[in-house]
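S.K.: My questions will all concern the structure given below.
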Amino acid sequence: MYLEKINSPEDLKGLTLKELRALADEMREKIIDVVSKNGGHLAPNLGAVELTIALLKVFNPPHDKIIWDVSHQTYGYKLLTGRREGFETLRKFGGLSGFLKRDESIYDAFGTGHASTSLSAALGFAIARDKKGEDNDVVAVIGDGALTGGIALEGLNQIGYLKKDMLVILNDNEMSIAKNVGGFREYLTRLQSAEIYNLIMEDAWNLIEKLPAGLNKKAAHAAEKLHIGLKNLIVPNIIFEELGLSYYGPIDGHNINELLMILSKVKKIKRAKLLHIITEKGKGYEPACKDPALFHGVGPFECKTGKVIKRKGPKTYSEVFGEAIVKEAEKNKDIIAITAAMTEGTGLATFKERFPERFFDVGIAEQHAVTFAGALAAEGLRPVCAVYSTFLQRAYDQIIHDIALQKLPVIFCLDRAGFTPGDGPTHHGVFDLSYLRIIPNMLIMAPRDEVELKKMFKTAFLNTDGPTAIRYPRARSIGVKHPTKIEALPIGKAEILKKGKDLLILTVGPIAYEILEVAEELGSINPTVIDARFVKPLDEETILSFAEKNKKIVTVETNTVIGGFGSAVLELLNRKSIKKEILLIGIPDRFIEHGEEDKLFESIGMDKNSLKDRIKKFVK
């Protein structure tokens, strides 16, 4: 056993090639075992095992800076950088994060959970190194579709212009979460086929290294010209070279010997360079190789069969949304569905199958998705942009400038609102009510159950004077009985769920059901419970009428308490000069870590018992 002896990257340095290959097998076993229990990003991590070993064998972090994009490929990195013993706690409350975090390890040079940031960050590290007169290497590993993101191309452009000494490794597995789309996918496919180029360049490398030192330098310069000419001849239009990076590859990303050789060589080249490696997503685990999209981010599963352990219960909100958009699209040919590399995750797989000509996966490009949707809306179509709450943050300017300002009726369906338990702070969707509520012309809804979601989706098409946002969690729905007919809601109308006399509780979203349970267990306190349903516009008439009758008001939401639903109620009361004691309950003003959902809510005082205690204390 080799893995149990690796406590830091230094322990890799003395291993032979045979031992490194055995280590790779052990790493895969460990990753599969832990992810099968805890869930996580399996397929991309299995594909990056040999690359991780080679990087830590050739480079010397934390002195050298290795910047990983999106962290979907870093479980092996965690295993080899002092976190092997705690690896069983991956994604658990109080355990290791599923992503890189600067405060988790000195080897995590830059934290990340959203795609396409590595190139910009690596360039920053390279410039800081030169400004400080230091001599460390800087490596950026980008892959899993991250090169489709606009910020990655912006970083690539600046790297080529400044020509700083750094290495970009393009880990090309032809996949992001789903199959990659767009021109870059076609381009990389052409590069992969250029095997003759690599054979010629390998011979050139070996020849140059055998020459005397004086001739070596001149030969290297001549070889560089030859190498550029060969690339343009054999692999036309090398975009990386045109941008100013020296391109090497593509090479087999599972061949440790080849990786060690090429990394050792490009390390000596002091300029901006890009190494293109080809890997297989799910490598070493047949179920993940057969279905890399399913095993990209997967819940617990049976190791032997790869069968995902499905929790019993109602459909997820994502599935309910998927049903709703298909049903509306059957009647309305103007509906266009757009997603940013999240077809399965947002529930659009059936729509894609049924209406392929009306479905667009734009890749990891949320900004493009939003502006693209705006133009479709300007031409009279009804675009539905399905995206995770946390990722819509990346298109904030486009929502304001391209959509809301022009009063374009784009419908935003925000999946993963609230906590995304195992993923943690980079993925929690706890800011959307705040960042959307301040935008003029925006309609915002949050359903408490699956029937309300379908009603709200139908309601969204009534709003033709601006954008609409519907936010719902990553969870199974409540399981309420469906009516025979789904009808749109009156825009801006709340619903009274329970009438009382001692307290007014205003809530929004699925947590309304927990609040109803709490309301029944408050003893002598008899509250009124109202589901606002609409965060913007608020049902001012209903809220004010009950606010006048109650001395104390509680608001409850799964959004940050800063600027969210509770803040909207406070602002309303202030405008009307109504003074009341108000308790705002929501996500506190700090980043909440990863872990099981019940433990997360308990940690912030929003589990059922804590809610009951807080409300009782507030009233008495």
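Values quoted throughout were computed directly from the atomic coordinates according to the rules given, and no laboratory measurement underlies them. Computed from a prediction, not measured in an experiment: that's the story for all the values here. Positions of Cβ are generated from backbone atoms using ideal geometry, with glycine treated the same way; all protein chains shown enter the neighbour counts.
S.K.: With charges only on Cβ, +1 for K and R and -1 for D and E, what is the dipole size of segment 431-544 about its Cα centre, in debye, rounded to 20? Please report the intermediate quantities before stating the final value.
M.R.: Working: 16 positive and 16 negative charges, 79 e Å.
My answer is approximately 380 debye.
S.K.: If you bin every alpha carbon distance in segment 495-619 into 10 Å steps from zero, what whole percent lands in each bin?
M.R.: Taking every Cα pair in segment 495-619, the percentages come to 13, 48, 32, 6, 0.
S.K.: Here is a follow-up. Determine the shape class of segment 317-471: with a ≥ b ≥ c the square roots of the Cα gyration tensor eigenvalues, call it rounded for a/c under 1.5, and otherwise prolate if a/b is greater than b/c, oblate otherwise. Write down the numbers at each step before the final one.
M.R.: Details: a/c = 1.28, a/b = 1.07, b/c = 1.19.
Taking the square roots of the gyration eigenvalues as a ≥ b ≥ c, segment 317-471 is rounded.
S.K.: Separate question: Can you pull the Kirkwood radius for segment 363-440, inverse mean 1/r over Cα pairs, to one decimal in Å?
M.R.: On the way: mean 1/r = 0.0782 Å⁻¹.
Radius from the Kirkwood sum: 12.8 Å.
S.K.: Sticking with this structure for a sec: How much of the DSSP bridge set in segment 495-619 is antiparallel, in percent, rounded to the nearest 5? The partial results should precede the final answer.
M.R.: Working: 3 of 18 bridges.
The antiparallel proportion sits near 15 percent.
S.K.: Got the relative contact order for segment 317-471 handy, in percent, Cα pairs under 8 Å and 6 or more residues apart? Don't skip to the answer; put the middle values down first.
M.R.: Values: 289 pairs, mean separation 35.2, N = 155.
It comes to 23 percent, rounded to a whole number.
S.K.: Quick one: plug the Kirkwood hydrodynamic radius of segment 457-498 (C-alpha pairs) into Stokes-Einstein at 37 °C, 0.692 mPa s, and report D in µm²/s.
M.R.: Working: Rh = 13.0 Å.
In µm²/s, the coefficient is 253.
S.K.: Would you mind checking 580/617; 65/267; 163/268; 132/270 for any pair whose Cα atoms are more than 19 angstrom apart? Walk me through the numbers on the way to the answer.
M.R.: Numbers: 580/617 16 Å; 65/267 13 Å; 163/268 15 Å; 132/270 17 Å.
Distance filter (> 19 Å) returns an empty set.
S.K.: Take every Cα pair under 8 Å in segment 397-475 that's 6+ residues apart, average their separations, divide by the length, and report that relative contact order as a whole percent. The partial results should precede the final answer.
M.R.: Working: 121 pairs, mean separation 36.6, N = 79.
Value for segment 397-475: 46 percent.
S.K.: Relative to the present Cα-Cα distance, how much length would full extension add between residue 37 and residue 577 at 0.36 nm per residue of separation?
M.R.: Numbers: separation 540, 0.36 × 540 = 194.40 nm, distance 5.41 nm.
189.0 nm is the gain from fully extending residue 37 to residue 577.
S.K.: With a ≥ b ≥ c the root eigenvalues of the C-alpha gyration tensor of segment 396-438, is it rounded (a/c under 1.5), prolate (a/b larger than b/c) or oblate?
M.R.: Details: a/c = 2.99, a/b = 2.46, b/c = 1.21.
It comes out prolate by the Cα gyration axes.
S.K.: Starting from the Cα of residue 481, draw a straight line to each of the aspartates and glutamates and keep only those under 14 Å, dropping any in the same chain fewer than 8 residues away.
M.R.: Cα-Cα hits under 14 Å: 449, 450, 452.
S.K.: While we're looking at this one, here's another question. Return, for the Cα atoms of segment 1-157, the radius of gyration and Dmax in Å, separated by a comma.
M.R.: For segment 1-157, the Cα-based Rg and Dmax read 15.3, 46 Å.
S.K.: Can you sort 247, 396 by how many other beta carbons sit within 10 Å, fewest first? Don't skip to the answer; put the middle values down first.
M.R.: Working: 247 23, 396 15.
Listing 247, 396 from fewest to most nearby Cβ atoms yields 396, 247.
S.K.: Return the subset of 493/576; 78/283; 499/579 for which the Cα-Cα distance in this structure is over 24 Å, preserving the input order. It would help to have the intermediate numbers written out before the result.
M.R.: Numbers: 493/576 19 Å; 78/283 18 Å; 499/579 22 Å.
Table pairs above 24 Å Cα-Cα: there are none.
S.K.: In whole Hz, with x marking every Gly and Pro, tabulate ³J(HN,Hα) for segment 303-320 from phi via Karplus 6.51 cos²θ - 1.76 cosθ + 1.60, θ = phi - 60°.
M.R.: Values, residue by residue: 4, 5, 9, x, 6, 6, 7, 8, 6, 6, x, x, 5, 6, 4, 4, 5, 5 Hz.
S.K.: How many nm separate the modelled label positions at residue 257 and residue 242, each set 7 Å beyond the Cα in the direction of the Cβ?
M.R.: Using points 7 Å along Cα→Cβ, the separation is 3.7 nm.
S.K.: Once phi is turned into θ = phi - 60°, what whole-Hz ³J(HN,Hα) does the Karplus curve with 6.51, -1.76 and 1.60 give for every residue of segment 288-301, x standing for Gly and Pro?
M.R.: Per-residue couplings from phi come out as 6, 5, 6, 9, x, 5, 4, 8, 4, x, 10, x, x, 8 Hz.
S.K.: Express in nm, to one decimal, how much length is gained between residue 591 and residue 307 on full extension, taking 0.36 nm for each residue of separation and deducting their alpha carbon distance. Walk me through the numbers on the way to the answer.
M.R.: Details: separation 284, 0.36 × 284 = 102.24 nm, distance 3.37 nm.
Gain in length upon complete extension: 98.9 nm.
S.K.: Given H placed on each backbone N at 1.01 Å, which residues far from residue 444 in sequence or on other chains put an amide H within less than 5 Å of it?
M.R.: 469, 535, 536
S.K.: Between residue 562 and residue 60, what length comes free when the chain is fully extended (0.36 nm per residue of separation minus the Cα-Cα distance, one decimal in nm)? Show your work: numbers first, answer last.
M.R.: Numbers: separation 502, 0.36 × 502 = 180.72 nm, distance 4.24 nm.
Result: 176.5 nm gained on full extension.
S.K.: Just how large is the dipole of the chain about the Cα centre, in debye to the nearest 20, putting +1 at every Lys and Arg Cβ and -1 at every Asp and Glu Cβ? Show your work: numbers first, answer last.
M.R.: Details: 85 positive and 82 negative charges, 196 e Å.
The dipole magnitude comes to about 940 debye.
S.K.: Roughly what angle does helix 49-58 make with the longest principal axis of the chain, taking Cα atoms, 0 to 90 degrees, to the nearest 10?
M.R.: 60
S.K.: From the phi angles alone, apply the Karplus equation (6.51, -1.76, 1.60; θ = phi - 60°) to segment 584-596 and give each ³J(HN,Hα) in whole Hz, x where the residue is Gly or Pro.
M.R.: 9, 10, x, 6, x, 7, 7, 7, 9, 6, 8, x, 5
S.K.: Sticking with this one: For segment 495-619, what's the relative contact order in percent, using C-alpha pairs closer than 8 Å and at least 6 residues apart?
M.R.: Numbers: 186 pairs, mean separation 33.0, N = 125.
Relative contact order for segment 495-619 comes out at 26 percent.
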